[in-house]
1. Take the conditions within 21 Å of the chain's Cα centre (by Cα) and either part of a strand (DSSP E or B) or not β-branched (V, I, T) (or both) and apply them to A12. Does it pass?
2. Only one of G113, G87, G70 is more than 10 Å from ligand 1 (Cβ to nearest atom), closer than 16 Å to E150 by Cβ and under 19 Å from the mean Cα position of the chain (by Cα); which?
3. Of the conditions (1) out of contact with any Leu (no Cβ under 7 Å at 6 or more places or on another chain); (2) within 12 Å of ligand 1 (Cβ to nearest atom), G211 fails just one. Which one is it?
4. Considering (1) touching a Pro at 6+ places or on another chain (Cβ under 8 Å); (2) within 13 Å of ligand 2 (Cβ to nearest atom), say which one H263 fails and leave the rest.
5. Of the conditions (1) part of a loop (DSSP other than H, G, I, E, B); (2) in contact with a Pro (Cβ under 8 Å, 6 or more places away or on another chain), D78 fails just one. Which one is it?
6. Condition check: over 20 Å from I103 (Cα atoms) and more than 13 Å from the chain's Cα centre (by Cα). Does L199 satisfy that?
7. Which one of L49, L30 is farther than 22 Å from Y89 by Cβ, without any contact (Cβ under 8 Å) to a residue 60 or more places away in the chain and either in contact with a Leu (Cβ under 9 Å, 6 or more places away or on another chain) or of a type in the set (A, V, I, L, M) (or both)?
8. All but one of (1) within 22 Å of G16 (Cβ to Cβ); (2) within 16 Å of ligand 1 (Cβ to nearest atom) hold for L228; state the number of the condition that does not hold.
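Read-outs: derived from the displayed coordinates by stated rules, not from any lab. Treat the numbers as computed from the prediction; the structure is a model and nothing was measured. Neighbour counts run over all protein chains shown; Cβ positions are idealised from the backbone, glycine included.
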Amino acid sequence: PAPRTVLLTGAAGGLGTLMRGLLPAYGYELRLLDLRPIEGEPDAITADLGDKEALREAVRGVDAVIHLAGISLESSFDKILKANIEGTYNLYEAAREEGVRRIVFASSNHAVGFTPRPLGEAPHAPSTLIPIDTPHRPDTFYGLSKSFGEDMAQFYWDKHGMETVSVRIGSCFLEPTSVRMLSVWMSPGDGARLFHAALTAEDVKHTVVYGSSANTRLWWDLSTARALGYEPQDDSEQYAEKLIAEQGELDPENPDHDYLGGHFVTKPPIWPY
Ligand code: NAI
Ligand code: 15L
């Protein structure tokens, strides 16, 4: 049967707030969890991903989990280790112990951020789309934690038969705000469509998908997402003229723009002092 009760971790965050607004229309009853309390949501669970007991209680009785909680940008390895690596492990263990069969994992394009963009060819010609099985090439400690999360999802499928759809999200915000985002933007509406497909598709095992709208300037292959039943409705192209007029076309000579992960590849590591 299709999942109905879904735990949404990271529910106070940007994407969590968008999905709290959009997913109930698909018939889900959302249970919310975040480190921070959520205004207007007195039933939301306020807990850290380090709190194993709280996680176990949070997943008890849910049909599936959408796991968004964690550090969403580059940070020190120690912080990433706690929130994203140990935190995601704690969540998987709680789900395993409570018999939850499906997790939708918010991975990121930064798990493969050091993948060179297919420069020198038409930027959105089908032959140049970056495939889903391109090797992990994380661009930050943050991206490294997402590579780890994808591997852990594969491990929990192979070892325990728990299913995951890992969504390598591009940029899910109300509107694209940079020329790079014209290629990787996922509209909130398409985000909800993709999460719904990831929750309801049958027999996903561990499936990795890119998460974006059907952008004219798309850099990657959406076929595994479409195979789940995802039919994106939006295209960032309506924002292209304005953004390119303001910021100029992506400059192929700029190292920030040579890689799928964009400027994340040039972020210096953050050390814990
Ligand atoms: P965000 O930073 O706005 O939200 C993350 C939420 O997780 C925050 O509300 C925070 O309080 C919570 N959180 C952090 N550490 C926690 C912990 N130890 N225990 C419990 N909760 C904790 O990030 P955003 O943009 O909403 O992203 C959500 C997820 O999607 C993240 O995992 C991010 O890496 C991923 N993602 C988002 C993209 C986007 O375009 N918004 C792109 C790619 C990936
Ligand atoms: C991410 O993984 C971040 O969580 C998000 O805030 C954006 O920076 C996004 O990638 C991006 O690549 O634009």
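1. yes
2. The match here is G113.
3. (1)
4. Condition not satisfied by H263: (1).
5. The one condition D78 does not meet is (1).
6. Taking the combined requirement at face value, the residue does not satisfy it.
7. L30
8. Among (1) within 22 Å of G16 (Cβ to Cβ); (2) within 16 Å of ligand 1 (Cβ to nearest atom), L228 violates only (2).
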